[in-house]
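No value in this document is a laboratory result; all are computed from the given coordinates. Being a predicted model, the structure only gives us computed values, none of them experimental. Positions of Cβ are backbone-derived with ideal geometry, glycine not excepted, and every protein chain shown enters the neighbour counts.
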Amino acid sequence: MLFDLTDLRLFIYIAELKSLTRSAERIHMSLAAASSRVKELESRFGMRLIYRENKGICLSPAGETFLHHAQQFMQQVERLTSDLQQYNNGIKGYIRIFANTTAVTEFMPEVLGAYLAKYPHVNISLEERLNQGILRGILEGTADIGIVAGPIHNQGLEVINFSTDRLVLVTAVNHPLAAIKKISFAETIPYEQIGLYEGSSLHHFLNQIVSESGKTLRLRIQVRSFEAMCRMVETNVGIAVMPQSAALRHSHTMQLSIVELDEPWAVRERSIVVQKLDNLPLYARELVNFIKAYPSSKAAP
C-alpha cells in the first residue's frame, strides 16, 4: 500500500500547521520519523508533495491534490468508525467547529450543553473565526462544521440556512437616540461607539460597512463580549450595534434602549456550512440537527 492512516493524519496536520515539527508533536511522533514518512510518500509517488520555505512548509500542486483526497478519506474513516461505535458502548468522536462571534457567545453554549448531555462521549473544539476563515476551514478540512451569518458564496459547499440574525442599535435609556424607533447606520456614526475586539466577526463586518461609506467609526472602547458592550452602553459610555438576541437578553438586567437599524444588511441569514452533510459522521450530523432545532438559535422577532 502507498500509505497508511498515520501518513494521512500527519500530512493533514502538516497542511494545517505549516510545520513538520509541530505536526510530529501533534501526532506524538519524532521529527525524524515524520520527515522519513513524508520522504517515503514522495518517493512512492515519484514527486514532491511539500516545499520547505523560510515561513514554513507549503504544499506543491501534487501535495494539494493529495491533501484533498486525504481529508476525504479520513472523513470516511471517521464516519465508518462512529457509525459502528453506536452499536457498541455509545458514540465517540471529535467535532471541529468554526463559528462567528454571535454563534460562539450567544447560542452555541446552550446548543452544546444540550447536545453533550445526550452525547457525552463526543469532544468538541469551538473556535471563533471570520466568515472567510470559516469557509476556508471547511474547504480545507480543518473544520467539520461552520456557522456563518450573511450572504456567502458556497464555493461548492453545502449551505443550510437555519435562522435569522438581526443587528440593532443599543443605547442608554437617556441617550438622544433612545426614543427613535428606526435609524440608519449613517445617523449613528457621529456618536461615540462601543465595539467588540479586533478580530471579531462583528467588528470586521461593521468596519467593512463604514469603509464602504468613506467614513470612520468613532470607537471609544472595545471589549470582549456583548455583556461588556451592554454594560458600557448602560452607563452612557457610547452606543453599540449588536445582535438583537443579545440586546434583548441583557435588557432584562440592564437599563437599555433597543432601536431598529433601517439597513438591508441588518437582517442576515444564519447558515451551517459543511463540505457534504451525508459524509459527516453520525454524531456530527446529529449536532447539525441540534443547531437547526434549538430554540435559542432563533433570533427574537
### Task
For the chain, build the convex hull from the C-alpha positions and give me its volume per residue in Å³.
157 Å³
### Query
Can you give the translational diffusion coefficient of the range 5-83 in µm²/s, computed by Stokes-Einstein from the Kirkwood radius over Cα pairs at 25 °C and 0.890 mPa s?
192 µm²/s
### Query
Peptides 251-262, 26-37: what's the order by average Cβ count within 10 Å, highest mean first?
251-262, 26-37
### Summary
Helix-only [θ] at 222 nm, the chain, -39500 (n - 2.57) per DSSP H run of 4+, per residue, nearest 500, equals -13000 deg cm²/dmol
### Summary
per DSSP, antiparallel bridges as share of beta bridges in the range 164-265, % nearest 5, sits at 55 percent
#### Entry: Unit charges on C-beta of K, R, D, E only; dipole of the range 12-142, Debye
400 debye
### Task
Starting from the range 194-300, pick out the trypsin sites (Lys or Arg not before Pro) whose DSSP state is loop and whose Cβ has at most 13 other Cβ atoms within 10 Å.
K215, R224, K276
### Summary
Here the alpha-carbon Rg of the range 164-265 over 2.2 N^0.38 Å rounds to 0.96
### Summary
Each label sits 7 Å from Cα toward the beta-carbon; between S251 and A117 the label points are separated, in nm, by 2.8 nm
### DSSP beta bridges in the chain [antiparallel fraction, %, rounded to 5]
60 percent
